[in-house]
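Here the structure is laid out as structure tokens; the discussion comes afterwards.
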Amino acid sequence: MAAISPATATTAASLSLPQFTSSSSSSSSSSPFSLSFKTATVGSRCVRCGVRSLENQSGHRSLDFLSNGDPISLINPNSSPISMAAASSESGSKCSKRVCLFHSDETRDLAERIVAQSDCIELRSINWKKFDDGFPNLFIQNAQGIRGQHVAFLASFSSPAVIFEQLSVIYALPKLFVSSFTLVLPFFPTGTSERMEDEGDVATAFTLARILSNIPASRGGPTSLVTFDIHALQERFYFGDTILPCFESGIPLLKSRLQALPDSDNISIAFPDDGAWKRFHKQLQHYPTIVCNKVRMGDKRIVRIKEGDAEGRHVVIVDDLVQSGGTLIECQKVLAAHGAAKISAYVTHGIFPKSSWKRFKLDTKGDPAEGFSYFWITDSCGLTVKEVMNKPPFEVLSLAGSIASALQV
Amino acid sequence: MSENAANNNNNNTMEKNQICKDAIVSELQKKKVHLFYCLECEELARNIASESDHIALQSINWRSFADGFPNLFINNAHEIRGQHVAFLASFSSPAVIFEQISVIYLLPRLFVASFTLVLPFFPTGSFERMEEEGDVATAFTMARIVSNIPISRGGPTSVVIYDIHALQERFYFADQVLPLFETGIPLLTKRLQQLPETDKIIVAFPDDGAWKRFHKLLDQYPTVVCTKVREGDKRIVRLKEGNPAGCHVVIVDDLVQSGGTLIECQKVLAAHGAAKVSAYVTHGVFPKSSWERFTHKNNGSEEAFAYFWITDSCPQTVKSIGNKAPFEVLSLAGSIADALQI
């Protein structure tokens, strides 16, 4: 069992977690603070995962330190204290499904975190090279070894340029005599281009759904597609019956995080528009809500508060994704003008094209009009995570635990 | 006028009328086709439209959102209802596939009478087999994506492809599409006929694969076949059959990448006494400007290739090469205009 490094205590403080002692660990679950480590060696990198159970907490927080020492808050809301302790013990727990997890270049970090969550998931690799003409030169290592195994691929379509190479692997894997195939695509891009308002509009969300619906069946039947907080509820019907979409959400991670805040009893949830309210209000029912909307005034569109009261509250704006951040900033101004004490934001997908995350500053002076207290994103968009790591107000909530559970479905 | 003469006149007139009618009917039977195209292919699209009165150019707004994903709009979408529609595509790199596929998957569903995809160059064609379990044959991925084009009122989409790399690839496409395999070789034979008669032209194939693909189309010329032989660690090009001595040898292949194979062949042919060596490939892929190895440098050194013919299937190459000797671009425009009438 590894001891905690001194860096741990400092970074824990920056994440505003309750302090814990740096005494050596015990795997007994009888003490209120039990700490155990699981070490997974993946290639040349070592991922250490610290698990901590607190009797009074409903979720579990673990600190996952990547080899470069950066912390990511890793919440696993699905596990109970006993099963987590059992899972992290060296004897291992019973797996309902052992899964071989392949991944794209960009998703390596998240793949390693997923594997660290569960003894049932094993990391596999692919050689990603290119020919001179730019087209991919791919090789799936140990392809014979996945026969009869449950196989998954963790994809990330962060730009159109990386779709074809991943698609080639996605189309090839199910046909290698695997017992089932699951595509994990945490963020489904093009989600906002899902309608034709004029004849001639091209709804690229439908193109992508069509491309994915064309994944060949494996011995396990249709491919399962795991995706988080898809932009429009209607998009679940864009997929043909040849694929089984599994729609997950990052909101449980947010709920666990909010419960751990010192002012957790003063939180209100704000939705930037009715669309966000429709998508998320049922999962956040026990919080008071504020709903904003955009109102046309002449040529301009202005954000107003439609319902709810921000006065004196720590308001958390919730949406599925953020692009330029314009909408969130508009909401921030309105909420501050209506007396919010603190303002934070949560989006599942931090797309932030062209580094637009830089617009979001930390509120250092208690002035919510000037800055955010927290800005939570998940690790669905790996490129963004690399940029915002360790930069307050950003905190990354990892989907690893949720994905690991989804792979057992 | 005697009765016979009058009858003859009448018969002649009737024949002429019939010929005119046939011509008019066949003109009327010609399909009017609305041709959309990707940005890279604008020049080829214009050339195709100028080959025929029956082809009208249409346009698409190609823009991007800030996240890099496409923001597209098909202009005049209502006008193409009940019309024959085609799209001229070029998958010159993986990055441009998704935007074109978005248009290709939508056009057939706009109540068009028929839909044709013209994809002159089918990339990934050389990666079409699994030698080991774990190889990923991207040609099959590409064929699968193309096979997934929805049907229109005209039935399965026709897909026009020139000189696909491997003959077996025609079977990679599912029944939902109708692939039409064309060739650029007639453009070459027409060009060769224009060369001075004193040139004794023979055709050389750089390997057996090229011979299998093309020898039947070029059987009016004597042939030379090369082959690669392993000598220790190296692979050396050798002459397998035929005699190039004193001839103008034209090396024929479907595509060129780095150009290494062609250069090796040229050396062997020259060593066996070829008077002149030229090359023809349908697809000048030339990644990383590898065409520069072939240009005539005005420094007194001997010009290895007298002519290097390529078609305009790879528009990025055509733009870069322009008219630099020894390159000559043979246009597929006429051939594509004819194919659109099928």
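The values are calculated or read from the model by the stated rules, or taken from the named source; none is laboratory data. All values derive from a computational prediction rather than experimental measurement. Note that each Cβ is placed from the backbone with ideal geometry, even for glycine, and that neighbours are counted across all protein chains shown.
Quick notes on this structure:
- B:Leu239 within 14 Å of another protein chain (Cβ to nearest Cβ), under 27 Å from B:Ser290 (Cα atoms) and either in contact (Cβ under 8 Å) with a residue 60 or more places away in the chain or touching a His at 6+ places or on another chain (Cβ under 9 Å) (or both): no
- Among the numbered conditions (1) among the charged types (D, E, K, R); (2) surrounded by 15 or more Cβ atoms within 10 Å (Cβ to Cβ); (3) at pLDDT 95 or above; (4) in the same structural domain as B:Lys228 (by the TED database), the only one that B:Lys190 does not meet is (2).
- For the range B:149-163, the criterion of being within 14 Å of chain A (Cβ to nearest Cβ), under 22 Å from A:Gln166 (Cβ atoms), crowded, with 18+ Cβ neighbours inside 10 Å and in contact with a strand residue (DSSP E or B) (Cβ under 6 Å, 6 or more places away or on another chain) is met by at least one residue.
- A:Thr204 satisfies every condition listed in (1) crowded, with 24+ Cβ neighbours inside 10 Å; (2) modelled with pLDDT under 95; (3) more than 9 Å from every other protein chain (Cβ to nearest Cβ) except (3).
- Just one of (1) closer than 24 Å to A:Ile230 by Cβ; (2) touching a residue at least 40 places away in the same chain (Cβ under 8 Å); (3) not β-branched (Val, Ile, Thr) fails for A:Ser356. It is (2).
- Matching residues, the range B:330-342, being crowded, with 16+ Cβ neighbours inside 10 Å, touching a strand residue (DSSP E or B) at 6+ places or on another chain (Cβ under 9 Å) and not hydroxyl-bearing (Ser, Thr, Tyr): B:Leu330, B:Leu332, B:Ile336, B:Ala337, B:Ala339, B:Leu340
- Pairs with Cβ under 9 Å, 6+ apart, first in the range B:64-80 and within 14 Å of A:Glu197 (Cα to Cα) and surrounded by 14 or more Cβ atoms within 10 Å (Cβ to Cβ), second of a type in the set (Val, Ile, Thr) and at pLDDT 95 or above: B:Leu72/B:Ile60; B:Leu72/B:Val103; B:Phe73/B:Ile60; B:Ile74/B:Ile60; B:Ile74/B:Ile80; B:Ile74/B:Val103
Residues checked against (1) under 26 Å from B:Gly68 (Cβ atoms); (2) modelled with pLDDT of 95 or more; (3) part of a strand (DSSP E or B); (4) among the hydroxyl-bearing types (Ser, Thr, Tyr):
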position: A:Cys100; (1), (2), (3), (4): no, yes, yes, no
position: A:Ala111; (1), (2), (3), (4): yes, yes, no, no
position: A:Glu122; (1), (2), (3), (4): no, yes, yes, no
position: A:Trp128; (1), (2), (3), (4): yes, yes, yes, no
position: A:Val151; (1), (2), (3), (4): no, yes, yes, no
position: A:Ala161; (1), (2), (3), (4): yes, yes, no, no
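- Test for B:Arg170: is it of a type in the set (Lys, Arg) and in the same structural domain as B:Leu110 (by the TED database): yes
- Considered as a group, the residues in the range A:353-396 that are in contact with a Lys or Arg (Cβ under 6 Å, 6 or more places away or on another chain) and of a type outside the set (Ser, Thr, Tyr) include one that is nearest to A:Val151 (Cα to Cα), and that residue is A:Gly371.
- When residues of the range B:109-128 are limited to those that are more than 11 Å from chain A (Cβ to nearest Cβ) and more than 23 Å from A:Leu167 (Cα to Cα), the one surrounded by the fewest Cβ atoms within 10 Å (Cβ to Cβ): B:Ala113
- Of all the criteria given as (1) within 30 Å of B:Ala77 (Cα to Cα); (2) more than 9 Å from chain B (Cβ to nearest Cβ); (3) in contact with a Leu (Cβ under 8 Å, 6 or more places away or on another chain); (4) not aromatic (Phe, Trp, Tyr), the one not satisfied by A:Ile146 is (1).
- Residue that is within 29 Å of A:Phe131 (Cα to Cα), without any contact (Cβ under 8 Å) to a residue 60 or more places away in the chain and within 14 Å of chain A (Cβ to nearest Cβ), where the choices are B:Arg144, B:Arg170: B:Arg144
- Subset tally (residues that are within 29 Å of B:Ala279 (Cβ to Cβ) and assigned to a helix (DSSP H, G or I)) for the range B:166-191: 12
- Checked against the criterion of being more than 30 Å from B:Asn76 (Cα to Cα), more than 9 Å from chain B (Cβ to nearest Cβ) and small (Gly, Ala, Ser), the range A:175-188 contains one or more residues that satisfy it.
- Being buried (at least 19 other Cβ atoms within 10 Å of the Cβ), facing chain A (nearest Cβ under 10 Å) and within 24 Å of B:Leu332 (Cβ to Cβ) is a description that applies to B:Ile97.
- Residue that is farthest from B:Asp207 (Cα to Cα) [pool: residues in the range B:167-182 that are under 14 Å from the mean Cα position of the chain (by Cα) and buried (at least 19 other Cβ atoms within 10 Å of the Cβ)]: B:Pro179
- Residues in the range B:66-87 that are more than 7 Å from chain A (Cβ to nearest Cβ) and farther than 20 Å from A:Ile211 by Cα: B:Asn76, B:Glu79, B:Ile80, B:Arg81, B:Gly82, B:Gln83, B:His84, B:Val85, B:Ala86.
- Selected residue (criterion: farthest from the other protein chains (Cβ to nearest Cβ)) from residues of the range B:129-141 that are surrounded by 19 or more Cβ atoms within 10 Å (Cβ to Cβ) and over 19 Å from B:Phe98 (Cβ atoms): B:Ala137
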